[in-house]
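The values are calculated or read from the model by the stated rules, or taken from the named source; none is laboratory data. Just so it is clear, the structure is predicted and the values come from calculations on it, not from any experiment. Backbone-built Cβ (ideal geometry, glycine too); neighbour counts: all protein chains shown. Ligands, DNA and RNA are stripped out before the accessible areas are found, and what is left, the full protein with its side chains, is counted by its heavy atoms. Shrake-Rupley method; radii C 1.70, N 1.55, O 1.52, S 1.80 Å.
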Amino acid sequence: MPLAGLSVAVAVAALMVGLVLPASGHTLTDRCLHAAGAATECRVAPRSVRGEDPGPVGRLYGSEVRRMPTSSRSVALTFNAAWDETGVDTALTVLRGRKVPATFFLTGRFAERHPGAARLMAAEHGIGNHSYSHPQFADLTRAEAAQEILGADRAIRLATGAVPLPFFRFPYSATTPETIAQANELGFADIEFTTDTNGYLGTAGGMTVQKVVDRVVNALTPGAIVQMHVGTAQGHGSALDVQALPQIIDTIHAHGYRITDLRTLLE
């Protein structure tokens, strides 16, 4: 078995048997990811025992996060990256020019196919996990789900040279208590969204820049998480979310909201 495949198999085996670290009582679902000739990178998904504080990530476990837990007028911008990379440069330029943070959720395949774009995102913003191949998780076995999450984590690390955030976003936002628990066991909190702009539908799907902006405005609430997409699915036209981004940012500010970094969830 290739080394990369072996590392995933080891991690899946740890998940299945629920190994326990005697000293800490933590469930050992290590994300032990090996690049050829590279050192092992392992993370343990902590479980709160004997009333211990599980930490900022652990406190997010057990449910899907569709808004940040805050009463302040703040919004987080997020992008999914699963298709092409045509909108990446423009999105990063707009975010940089307006000094606004965002979080990018990458699939493993995107990271492998577009490593340059992945590195650019990771150099300026937080990077999350959006699975390896964007499947329906309800159709996967427990082991297959773990392979999707761990395989994406490894691909993102290799492409970016950065450590991804412990945030996982389900393809199609199709969550169940069981699949969320599986992601938690691997050390990831499930971060979904308050609203999707639907810009990914493109003009072929009846969307326009103004409709994208309106969907953001209609969802403004303290702690809202906005989902957008870089690139486009084949045949869907231009990347409307990227085209709408300047107006989205300006409109959010005009409504008295500030744009905050999703990484504040780890504070």
Taking ALA102 as the residue in question, decide whether it is in contact with a Phe, Trp or Tyr (Cβ under 8 Å, 6 or more places away or on another chain) and under 26 Å from HIS253 (Cβ atoms). yes
Return yes when PHE170 is of a type in the set (A, V, I, L, M, F, W, C), within 21 Å of GLU267 (Cβ to Cβ), surrounded by 21 or more Cβ atoms within 10 Å (Cβ to Cβ) and modelled with pLDDT of 95 or more and no when it is not. no
Tell me, please, whether a residue that is β-branched (Val, Ile, Thr) and over 22 Å from THR260 (Cβ atoms) can be found in region 101-120. yes
Only one residue in GLN234, GLN227 is at pLDDT below 95 and out of contact with any Cys (no Cβ under 8 Å at 6 or more places or on another chain). Which one? GLN234
Restricting the search to region 220-240, which residues are among the hydrophobic types (A, V, I, L, M, F, W, C), in contact with a strand residue (DSSP E or B) (Cβ under 6 Å, 6 or more places away or on another chain) and under 14 Å from ILE259 (Cα atoms)? ALA224, ILE225, VAL226
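In region 130-235, which helices (runs of 4 or more DSSP H) lie fully inside it and hold 2 or more residues that are under 20 Å from VAL88 (Cα atoms) and in contact with a Pro (Cβ under 6 Å, 6 or more places away or on another chain)? Write out each step before concluding.
Numbers: elements: 142-160, 177-185, 209-218.
Qualifying helices (runs of 4 or more DSSP H): 142-160.
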List, please: which pairs have Cβ atoms under 6 Å, are six or more places apart or on different chains, and start with a residue in region 116-133 that is in contact (Cβ under 8 Å) with a residue 24 or more places away in the chain and end with one that is in a loop (DSSP other than H, G, I, E, B) and open to solvent by 10 Å² or more (accessible area, probe 1.4 Å)? ALA117/GLU85; ALA122/ALA162; GLY126/LEU165; GLY128/LEU165
